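One structure is given below, encoded as structure tokens.
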Amino acid sequence: MTSLLLVLNCGSSSIKFEFFSSSDLKSLGGGVLEAIGTPESRLAYRLEGRPAVERQVQVRNHRQGLAMLSQIFEDGGWLAENGRLQAVGHRVVHGGERFQAPAIIDDSVLQAIEATIPLAPLHNPANLEGIRIASRLWPDIPQVAVFDTAFHQTLPEHAFRYAVPEAWYREYGVRRYGFHGISHAYVAKRAAAYLNQPLERLNLISLHLGNGASAAAIAAGRSIDTSMGLTPLEGLVMGTRPGDLDPGILLYLIQQGFDPDSLDQYLNHRCGLQALAGLHDMRQIHQAIENGDPRARLALEIFCYRIKKYIGAYLAVLDPVDALIFTGGIGEHDTEVRQRCCEKLDRLGLIVDADKNQGTTDDVMEIQSDHGTIKILAIATDEAREIAANLLPFLRRNRDG
């Protein structure tokens, strides 16, 4: 009987799940429950050996949603009573400085995750709620937290510290933490496998581009710099977040009568591509450009310009660079964004081949010109698989006593 691992990713209004075989990390099915708490709640999933299911459901909250999923898993014989489910891995966005690796969840871990809620108010509350509900539903199954920030805990102090009073760092934890670490870690390993090189011998620039977007400089498998900071607001332009911003702007707006709650709403939901183009989906922005919308064209230009600046900075930080990686929904699928981000970087060794750049990938696609000296790869990220891989050491530890 195949031993299973379950990965849960609880968002503010969604629950994503996927099962993996613990022997070879083969995906055995998964799905998503989305629009929780709205009349449009929808469940879609497919589990191995069963037909796909997609239907409207009435789900008021995460507790009800996970109870529904638990019943589906039990009916399918996927739970621990049948000796199949061995561990549950939870994606947690912010782990602060405490967590440099995944952690078995206990009361102290829950308290530490709760303490970081002010640093990730959009993500950690939902992550925490999912953990607590799953722990009650399946009390005999080990629950493991896998942190997006953990991968970036290798940043040197000169990269993670801000030029602010030391007391801000010591007392309030004001430093660069970085995010999307699960994705950056996965594509770095996948690039090493594809290039048939030990990860410890490679220097990589990883670009996770989606509604949230970040860059990472990876030296010998370790993150040494990243674009996101104390929170997921810093760095690249995103769907609804501004990225790099003069902090004086916020002080000025407070003087104009804005309060912290309204600024929080703007910074997380009404900035970025949404502010520039009135759209936050890059596919819609491309369509608007085709229709002659100058705001959409400007949004695309700013988005790619900011990415190019970070590529240039990380080329200087790493020197040399073996590969530039595009990943995430935009990075994997948007040929124009990839092309624009590398324009006029040919003297630095980055040249996109227009023909190779066409299309999308479900694994790895090599898109650099034969004249380029740096590999350019589009790699399909798989955060759920990376989380599942992080559960294996805990299983071995339990097995070995």
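The values are calculated or read from the model by the stated rules, or taken from the named source; none is laboratory data. Predicted model, so just to flag it, every value in this text is computed and none were measured. Please note: Cβ atoms are built from the backbone with ideal geometry, for glycine as well, and neighbour counts cover all protein chains shown.
From the list SER12, SER22, which residue is of a type in the set (Gly, Ala, Ser) and within 30 Å of GLY229 (Cβ to Cβ)?
On the way: SER22 fails: within 30 Å of GLY229 (Cβ to Cβ).
On inspection, the qualifying residue turns out to be SER12.
Of the residues that sit in segment 273-292 and are in a loop (DSSP other than H, G, I, E, B) and in contact with a helix residue (DSSP H, G or I) (Cβ under 7 Å, 6 or more places away or on another chain), which one is nearest to ILE330 (Cα to Cα)?
HIS280
Which one of these is touching a residue at least 60 places away in the same chain (Cβ under 8 Å) and in the same structural domain as GLY328 (by TED's automatic domain parsing): ASP264, ASP259, ASP293, ASP246? If you could, list the steps in order and put the result at the bottom.
On the way: ASP259 fails: touching a residue at least 60 places away in the same chain (Cβ under 8 Å); ASP293 fails: touching a residue at least 60 places away in the same chain (Cβ under 8 Å); ASP246 fails: touching a residue at least 60 places away in the same chain (Cβ under 8 Å).
The unique qualifying residue is ASP264.
If PRO393 meets every condition in (1) of a type outside the set (Val, Ile, Thr); (2) in a loop (DSSP other than H, G, I, E, B); (3) not assigned by TED's automatic domain parsing to the domain that holds SER214 apart from one, which number is that one?
Checking PRO393 against (1) of a type outside the set (Val, Ile, Thr); (2) in a loop (DSSP other than H, G, I, E, B); (3) not assigned by TED's automatic domain parsing to the domain that holds SER214, the one that fails is (2).
Out of all the residues in segment 7-40, which are over 26 Å from LEU391 (Cβ atoms) and either part of a strand (DSSP E or B) or free of Cβ contacts under 8 Å to residues at least 24 places away in the same chain (or both)?
Hits for segment 7-40 are ALA35, PRO39, GLU40.
Quick one: in segment 300-314, of everything that is in contact (Cβ under 8 Å) with a residue 60 or more places away in the chain and under 28 Å from LEU122 (Cα atoms), which residue is surrounded by the fewest Cβ atoms within 10 Å (Cβ to Cβ)?
ILE302
Of the residues ILE182, ILE131, ILE205, which single one is touching a Cys at 6+ places or on another chain (Cβ under 9 Å), crowded, with 19+ Cβ neighbours inside 10 Å and at pLDDT 95 or above?
ILE131
Taking the criterion of being in contact (Cβ under 8 Å) with a residue 40 or more places away in the chain, in a loop (DSSP other than H, G, I, E, B) and under 22 Å from the mean Cα position of the chain (by Cα), would at least one residue in segment 315-324 satisfy it?
No, every residue in segment 315-324 fails to be in contact (Cβ under 8 Å) with a residue 40 or more places away in the chain, in a loop (DSSP other than H, G, I, E, B) and under 22 Å from the mean Cα position of the chain (by Cα).
What do you reckon, is THR381 within 18 Å of the chain's Cα centre (by Cα), of a type in the set (Val, Ile, Thr) and in a loop (DSSP other than H, G, I, E, B)?
Considered against the rule, which asks whether it is within 18 Å of the chain's Cα centre (by Cα), of a type in the set (Val, Ile, Thr) and in a loop (DSSP other than H, G, I, E, B), THR381 comes out as yes.
Conditions first: (1) under 20 Å from the mean Cα position of the chain (by Cα); (2) touching a residue at least 40 places away in the same chain (Cβ under 8 Å). ASN203 passes all but one, so which condition is the exception?
Tallying (1) under 20 Å from the mean Cα position of the chain (by Cα); (2) touching a residue at least 40 places away in the same chain (Cβ under 8 Å), ASN203 fails exactly one: (1).
Can you report the number of residues in segment 347-362 which are over 17 Å from ASP322 (Cβ atoms) and touching a residue at least 24 places away in the same chain (Cβ under 8 Å)?
Residues in segment 347-362 being over 17 Å from ASP322 (Cβ atoms) and touching a residue at least 24 places away in the same chain (Cβ under 8 Å): 3 in total.
Just checking, does segment 214-222 include any residue being assigned by TED's automatic domain parsing to the domain that holds PHE326, among the hydroxyl-bearing types (Ser, Thr, Tyr) and more than 23 Å from the chain's Cα centre (by Cα)? Spell out the reasoning first.
Going residue by residue through segment 214-222, those that are assigned by TED's automatic domain parsing to the domain that holds PHE326 are 214-222.
Going one step further and asking which of them are among the hydroxyl-bearing types (Ser, Thr, Tyr), we end up with 214.
Of the ones still in play, those that are also more than 23 Å from the chain's Cα centre (by Cα) are none.
No, every residue in segment 214-222 fails to be assigned by TED's automatic domain parsing to the domain that holds PHE326, among the hydroxyl-bearing types (Ser, Thr, Tyr) and more than 23 Å from the chain's Cα centre (by Cα).
Within the group ARG241, ARG175, ARG190, which residue is of a type in the set (Lys, Arg) and in a helix (DSSP H, G or I)?
ARG190
May I ask you to say which residue of CYS304, CYS342 is within 14 Å of ALA213 (Cα to Cα) and of a type outside the set (D, E, K, R)?
CYS304
Output the number of residues of segment 252-264 satisfying the condition of being exposed (fewer than 10 other Cβ atoms within 10 Å of the Cβ) and either in a helix (DSSP H, G or I) or among the hydroxyl-bearing types (Ser, Thr, Tyr) (or both).
So the count comes out to 3.
Would you mind telling me which numbered condition in (1) at negative phi; (2) out of contact with any Lys or Arg (no Cβ under 8 Å at 6 or more places or on another chain) GLY328 fails?
(1)
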